[in-house]
Amino acid sequence: MLRIENLAEAVDALAAQTAHRARAAYWDQVLHLLQRLESAQLAERINRVKDRIPWLVARPTAEPPGARYPAPPSPRDYVAVATDGSHMAPDRHSPVRFLVLNIGKARIRYGAHPRAFLSSAGTFLYREEDLSLRDDKGNVYPIEGAVLGIVMALEELRALVQEADEEKIPVMALRDGSLIFWPLQSEETPLQDTLLPQITRALRQFHDMGVPVASYISYPGARDVVNSVRVWLCGSCVRRGTCEGCEECTAAEAELCTWLRPMRDRELFAAYLNPGERSAIFESSSALQTRYRDPWGMDHRIQFFYLHTGKEIARVEAPIWVMQNPRYRDRIHGLLVDQCRRGGGYPPVLQEAHEQAVITVEDRRMVETLVEQALAREGIAYVRSRKDWSKRVRGV
Amino acid sequence: MTQPIGEIISTTSLSFTAQRLNPRGTERPRPVQPPNLGRLVWARLPDGGRVFAVVAFGTTEGLDRGRLAVVRTHGDVVDERVYHEHPQLAEVLRTEFVAVLVGYERETGALFRHLPPQPPPLHYAVYECSDEEARAFSEDLRYLRLLLDTGGPVPGEQLVAAHVREMYRARGEDAAWLEEAARHVGRLLRRDYNRLRAALEALE
């Protein structure tokens, strides 16, 4: 039971901290700085310190880091496709191990012949070989935790390829979340070697079909661009993790850098972009990125921009061949603004894919009952752990 | 062949609830509406007969009852254009209607205007009656009594009036029939002046 009265003081402190972060004078300085930044100089500065800073920075591309771009007109007739997934992970408290994956798919045609296709595809996995992944070296990884996340993402991406392949007129393929498969970063190299080619192969299919693919992150928590601004302010402070006592920067710079430290990119661009505008394109400095090359040698490095959707700042990620192709880039930008306008600040196609993917509490219970009944027919009693029983019964 | 307008998703000895089927192949997305209040509909029975029922209530809401409708009107995007701008609506909304059982037909063609011996089965299709069928069924109006106290949200006298209006239209505005129907309603409600007045006003 949560005792609310013990939290009040900390809640007040949170409000005070939030007020400090909203200080307009600091924002003016940061935005002024951002506008004067030049790509080449910033890239050079980042390169100088990159090995010594432990966190991600946004690398500038050809576009000036402080640039803003208004939404290009979006085509009247277009198709948005999206997929999303959810799962029932193998349950430690259950006597049998199984995994349910559900991929939700949404394909919506807009314009002269509007029509929506919503569906979902569920899979029930139970064989030992289906519940684990095998890398090229023969190591076996159970599909759970981070590996489950990657498997889901890969399934979503493959389903997205299929959905996009159904359509002819301008298509935009969207995934919820990131295209940089973060959980993979902390996995062992042989597993990365096995999964990365599968990811890049899917990305390559979008390229060959002529479909720009992107991912959409609502209310993003990333700090890449803020970090880049801090590196620009003073690489030395950043490296040492504190601005106190820094000899390389002025007191004002140190103060600004300290203030920037807890900030997120979305706060920075909320103060900077107008509705419909996108930021410049940046590139993630994730180490995983260097390996986003498909088996045929094509580069699928992920780049990103921030977008003012009219309601919030979203982060949009796409492979380099989308971002550096003006036609694709503008299509993604224009269509996302159109989607957000229709969806009250969030793309309806993503919302519907999510709705299709959801496995409700009742669904979960139903699957359990099915398993229970099937086992009973074989004369096997379905006995769950006592801990699980105590949570369900909650006896007093 | 006539197309079904709905499928039975809940059924009892007194009434059934059907979900309206999306009309397919329409060029322009538009809201899916329940059939008219008071409309005569029918569904098959497993033994080859048919039940007849009168539409007594209609609703439209999210397919997933946990999803509330949000306002989508902006600028000149109003009414039907909202459906045009949001093609997914056709897939995520559900329109349902309740129909009150008023009679049945044996396989032989014999027509009865009282409660059928069995409710129509779940998942069976619902059809609108043709004008011809409506004419045949409304030749004898004693079944109107079944519409007076359905326990549904629509007041019985309003439902009776709506049904009589529907049949009057189906019968090609047969004035003599309407007069007879009004007299019948008068007899049904002769002990309740307020309801009678409401019914007759709704018939005018």
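The values are calculated or read from the model by the stated rules, or taken from the named source; none is laboratory data. Because the structure is a prediction, the values reported are computed rather than measured. Every residue, glycine among them, receives a Cβ derived from its backbone with ideal geometry; neighbour counts consider all protein chains shown. Ligands, DNA and RNA are stripped out before the accessible areas are found, and what is left, the full protein with its side chains, is counted by its heavy atoms. Shrake-Rupley method; radii C 1.70, N 1.55, O 1.52, S 1.80 Å.
Name every residue in segment A:254-282 that is touching a Pro at 6+ places or on another chain (Cβ under 9 Å) and open to solvent by less than 20 Å² (accessible area, probe 1.4 Å), in order of residue number.
A:D265, A:G276, A:R278, A:S279, A:A280, A:I281, A:F282
Within segment B:85-108, which residues are in a loop (DSSP other than H, G, I, E, B) and either open to solvent by less than 40 Å² (accessible area, probe 1.4 Å) or within 13 Å of chain A (Cβ to nearest Cβ) (or both)?
B:H86, B:P87, B:Q88
Taking the stated definitions as given, is A:R76 crowded, with 20+ Cβ neighbours inside 10 Å, of a type outside the set (A, V, I, L, M, F, W, C), in contact (Cβ under 8 Å) with a residue 24 or more places away in the chain and within 14 Å of chain B (Cβ to nearest Cβ)?
No.
Going by the conditions given, is A:L148 more than 22 Å from A:S178 (Cα to Cα), open to solvent by less than 20 Å² (accessible area, probe 1.4 Å), assigned to a helix (DSSP H, G or I) and touching a residue at least 12 places away in the same chain (Cβ under 8 Å)?
Considered against the rule, which asks whether it is more than 22 Å from A:S178 (Cα to Cα), open to solvent by less than 20 Å² (accessible area, probe 1.4 Å), assigned to a helix (DSSP H, G or I) and touching a residue at least 12 places away in the same chain (Cβ under 8 Å), A:L148 comes out as no.
Find the helices (runs of 4 or more DSSP H) located wholly in segment A:327-396 whose residues include 2 or more that are open to solvent by less than 60 Å² (accessible area, probe 1.4 Å), touching a residue at least 12 places away in the same chain (Cβ under 8 Å) and not hydroxyl-bearing (S, T, Y), and list them.
A:348-357, A:361-377
Against the conditions (1) assigned to a loop (DSSP other than H, G, I, E, B); (2) touching a Ser or Thr at 6+ places or on another chain (Cβ under 9 Å), where does A:S74 fall short? Just the number, please.
(2)
Of the conditions (1) in a helix (DSSP H, G or I); (2) at pLDDT below 90; (3) farther than 27 Å from A:V337 by Cβ, A:R204 clears all except one; give me its number.
Failing condition for A:R204: (2).
Just to be sure I understand the filter: pairs with C-beta atoms under 7 Å, separated by 6 or more residues or on different chains, first member in segment A:91-120 and over 14 Å from A:A353 (Cβ atoms), second member assigned to a strand (DSSP E or B) and open to solvent by less than 10 Å² (accessible area, probe 1.4 Å). Which pairs pass?
Qualifying pairs under 7 Å: A:R109/A:V79; A:Y110/A:Y78; A:G111/A:Y78.
Listed residues A:E166, A:E155; which is loosely packed, with under 14 Cβ neighbours inside 10 Å and either touching a residue at least 24 places away in the same chain (Cβ under 8 Å) or more than 30 Å from A:G221 (Cα to Cα) (or both)?
Just one listed residue meets the conditions, A:E166.
In segment A:292-305, is there at least one residue being outside any loop (DSSP other than H, G, I, E, B), farther than 18 Å from A:P73 by Cα and open to solvent by 70 Å² or more (accessible area, probe 1.4 Å)?
Yes - at least one qualifying residue is present in segment A:292-305.
Listed residues B:V82, B:V32; which is under 18 Å from the mean Cα position of the chain (by Cα), within 14 Å of another protein chain (Cβ to nearest Cβ) and open to solvent by less than 50 Å² (accessible area, probe 1.4 Å)?
Exactly one of B:V82, B:V32 is under 18 Å from the mean Cα position of the chain (by Cα), within 14 Å of another protein chain (Cβ to nearest Cβ) and open to solvent by less than 50 Å² (accessible area, probe 1.4 Å), namely B:V32.
Examine segment A:18-32 for a residue that is under 27 Å from the mean Cα position of the chain (by Cα), without any contact (Cβ under 8 Å) to a residue 24 or more places away in the chain and away from every other protein chain (no Cβ under 14 Å), and state whether such a residue exists.
yes
Could you grab me the full set of residues in segment A:108-141 that are surrounded by fewer than 18 Cβ atoms within 10 Å (Cβ to Cβ) and within 14 Å of another protein chain (Cβ to nearest Cβ)?
Hits for segment A:108-141 are A:G111, A:A112, A:H113, A:R115, A:S119.
Mind listing whichever residues of segment B:50-79 are open to solvent by 20 Å² or more (accessible area, probe 1.4 Å), part of a strand (DSSP E or B) and within 13 Å of chain A (Cβ to nearest Cβ)?
B:H74
Within segment A:90-107, identify whether any single residue is under 29 Å from A:T200 (Cβ atoms), charged (D, E, K, R) and within 14 Å of another protein chain (Cβ to nearest Cβ), and answer yes or no. I'd like the intermediate steps shown before the answer.
Of segment A:90-107, the ones under 29 Å from A:T200 (Cβ atoms) are A:90, A:99-107.
Going one step further and asking which of them are charged (D, E, K, R), we end up with A:105, A:107.
Pick out the ones that are also within 14 Å of another protein chain (Cβ to nearest Cβ) and you get A:105, A:107.
Within segment A:90-107, one or more residues are under 29 Å from A:T200 (Cβ atoms), charged (D, E, K, R) and within 14 Å of another protein chain (Cβ to nearest Cβ).
Can we say A:D91 is of a type in the set (D, E), open to solvent by 30 Å² or more (accessible area, probe 1.4 Å) and modelled with pLDDT of 85 or more?
It is false that A:D91 is of a type in the set (D, E), open to solvent by 30 Å² or more (accessible area, probe 1.4 Å) and modelled with pLDDT of 85 or more.
Of all the residues that make up segment B:99-117, how many are farther than 19 Å from B:G48 by Cβ and out of contact with any helix residue (DSSP H, G or I) (no Cβ under 9 Å at 6 or more places or on another chain)?
1
Run B:N22 past the list (1) open to solvent by less than 40 Å² (accessible area, probe 1.4 Å); (2) within 14 Å of chain A (Cβ to nearest Cβ); (3) in contact (Cβ under 8 Å) with a residue 60 or more places away in the chain and report the number of the one that doesn't hold.
For B:N22, the failing item is (1).
With respect to A:R52, determine if the residue is open to solvent by 70 Å² or more (accessible area, probe 1.4 Å), within 14 Å of chain B (Cβ to nearest Cβ) and not aromatic (F, W, Y).
Criteria not met by A:R52.
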